[in-house]
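The values are calculated or read from the model by the stated rules, or taken from the named source; none is laboratory data. A quick note: this is a predicted structure, and the numbers were derived from the prediction, not measured. Here the Cβ is made from the backbone with ideal geometry for all residues, glycine too, and neighbour counts use every protein chain on show.
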Amino acid sequence: MQISKETKIIDVINNPSFKEFGRFIFPLEERFPNDKDTIDNLISLLPFHNHININSTMESINYITNKVGSGEKIFYDYYTQEEKIQKPSKNNTGLFFFRGEPNSSFAVISAGGAFNYVGSIHEGFPYALEIIKKGYNAFVLQYRTGDEMTATEDLAAAISFIFRNAETFGIGKNSYSLWGSSAGARMAAHIGSYGTGAYGGDNLPKPCAVIMPYTGHSEISEEETPAFAVVGEDDNIVSPSAMRDRIENLKACGVDTEFHLYPNLAHGFGLGIGTTAEGWVDLAIKFWEKQMK
């Protein structure tokens, strides 16, 4: 099943090959698509996002389709069945694995959606594709919505799962990065500040870099992780000046940082294709690589 702009969203969700994860490809928490909704009007499912790039959407879904079609496992549960029975909300979680070069470092990506939905189709899968093009591995997190701390606990649990199964995945555990946009960036920043152990995960090394587009997170801990931030000048959800202030405060504490402010751009721009932010992901990967060294 190759995807086009005219493909019905519900047909992707119900694809028999996607039985494990079809409901996580699109954000369904706000509105379930009707039988007329096509990929071309995906924006109706993403009220907190802008500049949806349909070509990136199709590339992401076709990547998943091709990997599943060739027999590769792409979706993993990071909670056990026992944990899901004890807390049924954990059934709404999982990890998509995008494979890079063997034993290379990995990124974990948490999309945004104001903790109302998980917008992986816009700022999860497309990021992962850009990351694996550079040879690195990438995981896209499906987390529980509704509560920032619960979502961060899911991220900590997922990172712990990845570390415990690094050999199975064929990835390197050194110098991993956390990526998150908007709400997802808050989650990544929490882990960057306090580590996985503070949120119920295993006591693991912190990431070497946190990549955090357009988030209002302002908290700073005593031992911070290098941070890369981007935001649009016209963001009416997140204050660009507040983001700049946090980055400047980190820099004043001796933390390596990078900040980019893009003109004529609002919240939730994802890859930013066709905007003033186009290419920011390449800059973020270079920042991550700098921290690896």
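Of all residues in segment 170-200, count the ones that are farther than 20 Å from ILE131 by Cα, in a helix (DSSP H, G or I) and of a type outside the set (Ser, Thr, Tyr).
6
So, restricting to strands (runs of 3 or more DSSP E) that lie completely within segment 201-293, which ones have at least 3 residues that are closer than 15 Å to HIS190 by Cα?
209-213, 227-232
Examine segment 6-13 for a residue that is over 22 Å from the mean Cα position of the chain (by Cα) and of a type in the set (Asp, Glu), and state whether such a residue exists.
Looking through segment 6-13, at least one residue is over 22 Å from the mean Cα position of the chain (by Cα) and of a type in the set (Asp, Glu).
Pairs, please: C-beta under 6 Å, at least 6 apart or cross-chain, first residue closer than 20 Å to PHE48 by Cα and touching a residue at least 60 places away in the same chain (Cβ under 8 Å) and in segment 175-192, second of a type in the set (Val, Ile, Thr) and not in a strand (DSSP E or B)?
SER182/THR215; ALA185/THR215; MET187/THR152
Going through segment 181-206 one residue at a time, which ones are buried (at least 24 other Cβ atoms within 10 Å of the Cβ) and under 14 Å from ILE162 (Cα atoms)?
Within segment 181-206, just THR196 meets the criteria.
When you go through (1) modelled with pLDDT of 90 or more; (2) part of a loop (DSSP other than H, G, I, E, B); (3) of a type outside the set (Gly, Ala, Ser); (4) closer than 20 Å to TYR143 by Cβ one by one for HIS51, which number turns out not to apply?
So the condition that HIS51 fails would be (4).
Residue by residue through segment 30-54, note down the ones that are surrounded by 16 or more Cβ atoms within 10 Å (Cβ to Cβ), under 18 Å from ASN116 (Cα atoms) and of a type in the set (S, T, N, Q).
ASN50
Of all the residues that make up segment 56-92, how many are of a type in the set (A, V, I, L, M, F, W, C) and either more than 15 Å from PHE24 (Cβ to Cβ) or touching a Pro at 6+ places or on another chain (Cβ under 8 Å) (or both)?
2
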